[in-house]
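S.K.: A single structure is presented below for examination.
The values are calculated or read from the model by the stated rules, or taken from the named source; none is laboratory data. This is a predicted model, so every value here is computed, not measured. Glycine gets a Cβ as well: all are built from the backbone with ideal geometry, and neighbour counts include every protein chain shown.
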Amino acid sequence: MSIKVSKFEAITVLLPGIVISVVVGLAALFLSSHYGAPAMLFALLLGIAMSFIYEDSKCKAGIEFTACHILRIGVALLGLRIAFGDLAAMGWKTGILLVVAVVSTIFVGILLAKVFGLNKRFGLLTGGSVGICGASAAMAISAVLPQSPENDRDTLLTIIGVTSLSTIAMVVYPIVAAYLQLNETQTSIFLGATIHDVAQVVGAGYSVSEQTGDLATLTKLVRVAFLMPVVMCILLVLKLNLDSDRNAKPPGVPAFLLAFTVLMAINSLVSLPQVITDSATDISRFSLVISIAAIGMKSNLRKILVVGIKPILLLVIETLWIAALILLCLPYL
């Protein structure tokens, strides 16, 4: 009997914060559908505007739960969007180029973070976010890094930066492709391999043509598939104690990464009904939106404003790096 009471009490404690996060997420989706801007950006901005709610003891636990656990559910469900066949369909040259682009962007981020006097974990976070899949990658990588107030601030900064840059790229990159007279395949690979978030890749690709949109989306999903190996490598580095912060306790392999892998394998081996994959995509997207809203509510805007121009400059350079690399290599595919 006591167990049931404790579970009920736990739900009661978490419910106010979860409900607030869901309401903010729904508002973000509403604004996104009416004004065309990314839902994640709206969720983040609305969350920051309502950060005073986090100070309310009734909501704090639920907001923490949403920012951590519901976030991981959203990342895990991304596995149903990818199949191993997608990797093979790209061809080995394109596959190698994407691997080089992702890995080099991460290393550029770490190197530049050191040059700018920033924490190398911030360089890892931004490089992985720019190289793989924007805000989703930022949250997944953040989830396995040792937790600290600085980690929350860095995650928030990264999400703001990559979402804004991704929106700009969605408009500018199709114009760049047309100016450079890229063919349909080259344009598709360029858009899918360089724009940070999946939604913006879809918007940019289908603004050119339906065929470009299909191939650009496939290219992007291959990049998303790199999320699990990259996060596993980060965990391995932490386990081997190669991180400079010797006091940080490296986490174990989180369940959401295992779930991501299992769901990806299921999607590869079994022909799932469209309704299941579509539902999983919708649940994943909504989970990520309300998680970002919760992260925004956890934020302290004053701490974000004092970090200066260097983090933004780091994100811009990483974005230009991956775009330039892909453009230089396109003629050889």
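S.K.: Give the residues of the stretch 38-64 that are part of a helix (DSSP H, G or I), of a type outside the set (A, V, I, L, M) and either surrounded by fewer than 20 Cβ atoms within 10 Å (Cβ to Cβ) or within 18 Å of the chain's Cα centre (by Cα) (or both), sorted by residue number.
M.R.: Matches in the stretch 38-64: PHE42, GLY47, SER51, PHE52, GLU55, SER57, LYS58, LYS60, GLU64.
S.K.: Can VAL103 be described as surrounded by 20 or more Cβ atoms within 10 Å (Cβ to Cβ), among the β-branched types (Val, Ile, Thr), within 19 Å of the chain's Cα centre (by Cα) and part of a helix (DSSP H, G or I)?
M.R.: So VAL103 fails the test.
S.K.: Could you pull out the residue among LYS249, LYS239, LYS303, LYS310 that is basic (Lys, Arg), at pLDDT 85 or above and surrounded by fewer than 20 Cβ atoms within 10 Å (Cβ to Cβ)?
M.R.: LYS310
S.K.: One residue is enough: does the stretch 41-57 have a residue meeting the conditions at pLDDT below 80, over 19 Å from VAL230 (Cα atoms) and aliphatic (A, V, I, L, M)?
M.R.: Yes, some residue in the stretch 41-57 is at pLDDT below 80, over 19 Å from VAL230 (Cα atoms) and aliphatic (A, V, I, L, M).
S.K.: So, ALA76, is that one buried (at least 17 other Cβ atoms within 10 Å of the Cβ), over 30 Å from SER271 (Cβ atoms) and within 16 Å of the chain's Cα centre (by Cα) or not?
M.R.: Spelling it out, it is not the case that ALA76 is buried (at least 17 other Cβ atoms within 10 Å of the Cβ), over 30 Å from SER271 (Cβ atoms) and within 16 Å of the chain's Cα centre (by Cα).
S.K.: Ok, one more. If I ask for residues that are at pLDDT below 80 and under 23 Å from LEU157 (Cα atoms), which ones from the stretch 73-94 would you list?
M.R.: VAL75, LEU78
S.K.: With the checklist (1) at pLDDT below 90; (2) crowded, with 24+ Cβ neighbours inside 10 Å; (3) not small (Gly, Ala, Ser) in hand, flag the one item GLU150 doesn't pass.
M.R.: (2)
S.K.: Shifting gears a bit: The conditions are (1) assigned to a helix (DSSP H, G or I); (2) at pLDDT 75 or above; (3) over 21 Å from LYS120 (Cα atoms), and PRO229 fails exactly one of them. Which is it?
M.R.: With (1) assigned to a helix (DSSP H, G or I); (2) at pLDDT 75 or above; (3) over 21 Å from LYS120 (Cα atoms) applied to PRO229, the lone miss is (3).
S.K.: Across the stretch 112-127, which residue is nearest to ALA101 (Cα to Cα) among those that are more than 18 Å from the chain's Cα centre (by Cα) and not in a loop (DSSP other than H, G, I, E, B)?
M.R.: LEU112
S.K.: Here is a follow-up. For the stretch 16-37, how many residues meet the condition of being at pLDDT below 90 and either of a type in the set (A, V, I, L, M, F, W, C) or not in a helix (DSSP H, G or I) (or both)?
M.R.: Of the residues in that region, 2 qualify.
S.K.: Take ALA169 and decide whether it is assigned to a helix (DSSP H, G or I), touching a residue at least 40 places away in the same chain (Cβ under 8 Å) and among the small types (Gly, Ala, Ser).
M.R.: Criteria met by ALA169.
S.K.: Taking the stated definitions as given, is LEU71 over 22 Å from THR194 (Cα atoms), surrounded by 15 or more Cβ atoms within 10 Å (Cβ to Cβ) and among the hydrophobic types (A, V, I, L, M, F, W, C)?
M.R.: Yes, satisfied.
S.K.: Select, from ALA49, ALA43, ALA39, the only residue that is touching a Leu at 6+ places or on another chain (Cβ under 6 Å) and among the hydrophobic types (A, V, I, L, M, F, W, C).
M.R.: ALA39
S.K.: Something else about it: Need the failing condition index for PRO146 against (1) in contact (Cβ under 8 Å) with a residue 24 or more places away in the chain; (2) part of a helix (DSSP H, G or I), just the number.
M.R.: (2)
S.K.: Check off (1) modelled with pLDDT of 85 or more; (2) touching an Asp or Glu at 6+ places or on another chain (Cβ under 9 Å) for ALA67 and give me the number that stays unchecked.
M.R.: (1)
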